[in-house]
Every structure is written in structure tokens, then in C-alpha cells.
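In what follows, a single structure is set out as C-alpha cells and then discussed.
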Amino acid sequence: FIAMAIPSIGIGIILHIVLGKRMTNQKTVARDTSVLAEAPPAPGYMRRLITVIVLSSLTMAVAMSIVSFLPLFLVDTFGTSKETAAASLSLVFAMAFWAGPLAGYLSDRLGHLAIIISTCVITSIVIYLLSVVSYGFGTIVVLVLIGTVTAFSTIVAQAYIVDQTPAENRSTALGFYFFGSMEGTGILTPVLGYLIDHFGFHTSFTVGSAAILATLIICSSVLWLSRR
């Protein structure tokens, strides 16, 4: 973990130096001017913003909770070696290298909400399929899809928050989003573990899939009604 952290530290230092050189003494004036010139938010934006944060946070929390149990699932269900099961996580997290830029590209052209809703639908389906497909190519495809949709979800949700929130409240809104995603994962992971111990992987994954689908239906209804 220390070796993996060193490149991140180096990149952070480089970005700090490069971005620091581009800052001017007028940055405060420019920021104030941009806030004053910013168009007022559309009516009902707060309701839509809260709805998207809830939907995206819960989807991410459920997905990442299930990812935590993927090695155990592969070992107990398919009898894979511990090394292979642990290495399977690389398929999930490696997807961010290409899925992140693609998510931003599609979001700019198709709209944030369209991508967010589509991602939640796919996440619900993929989580259910995780315990249904046979081991082999099907499992690899499902793991790749999980990594892809989680990358899509976090990228597009942040873009929507930044785009729809007034400048003076963007950091607060992003803070709530990350709080919901991370702390939601912390809460749901032991709950999912309890369900797995008592009801098995298939039932637990089905419950997670159904939870995302139910939240999606409710939140989509709220978003649709707020546009009327």
C-alpha cells in the first residue's frame, strides 16, 4: 500500500506546483465576479439535487459493499483459489482507467440524468446476475461491468452536482455526496455480511439489487414530477 501511495503523492505535489504557478492575485476577484454573474438556479433544483445525491450515493454504497465480498463469494461459491479471488478485484477497479473518461464524454452529450439513471438500472441488473452466471467468462464480464458502472456513477454524479449547484454551495453538496457514498458503504457492508451469513450470497445480492431498483423508481418519479 505504501508503494502504491508514493506515485499518488508525487502526482499530487506536481499538480500543486503546476496549478500554484497559474494562480494570480486576482483569483478572489475572479471568483466573486463569476458567482455574481452566475445565472440563478432553476426552480426546484434543491429537490432534484437531493434526489440525485440519494440515488447515486445508495447505488455506490450497495455496489461497493458487494465488491467487498467478491473474493469470499468466488472462493465459497466457485472454489477458486484465494489468490485468484483477490486478483479478481483488479478487474473491478481497473475499469476506472477508461470508464471515467468515457462517462464524462457520454454525459456531456447525452445529459447527466440520462447516464445516472441508466447506470443505476445496469448496476441493479449486474448485481443480480453476479450470483446467477456460471463461473468463467460470464463472471469476468459481470466483474468488468461492476467496475464500469461504479466509475460511471461517481463521475457523472459529481458532474451533475457541480453543474446544478450554485457556486457557493458546491463543496457542501459534494461533501454530502461523498459522505453518503463512503459512510453508506461502511453501514451497508456489515449488514450485507449478516445477510450473507444467514441467507446466502444469492439472496443477499438479490436484496441489494432490489434496493437499488426500488430507490431508482422512487427517485426517478421525484425527478419526473419536479420537471412538470
- Largest first and to the nearest Å, give the Cα extent of region 44-226 along each principal axis. 51, 33, 25
- Tell me, what is a quarter of the convex hull surface for the C-alpha atoms of region 92-166, in nm² with one decimal? 5.0 nm²
- Item | Extension gain (nm, one decimal) between Val141 and Phe178, 0.36 nm per residue minus Cα-Cα | 10.6 nm
- Query: If you bin every alpha carbon distance in region 185-228 into 5 Å steps from zero, what whole percent lands in each bin?
  - Reply: 5, 21, 19, 18, 12, 10, 8, 5, 1, 0
- How large is log10 I(q)/I(0) at q = 0.11, 0.20, 0.24 Å⁻¹ when the Debye formula is applied to the Cα atoms of region 124-228, each weighted equally and without solvent? -0.47, -1.23, -1.39
- Task: Evaluate the relative contact order of region 88-191 (contact order divided by residue number), counting alpha-carbon pairs under 8 angstrom at least 6 apart; express in whole percent.
- Result: 35 percent
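Quick note: the coordinates plus some simple rules give every number you see, no bench work behind them. Since the structure is predicted, the reported quantities are computational estimates derived from the model, not experimental observations.
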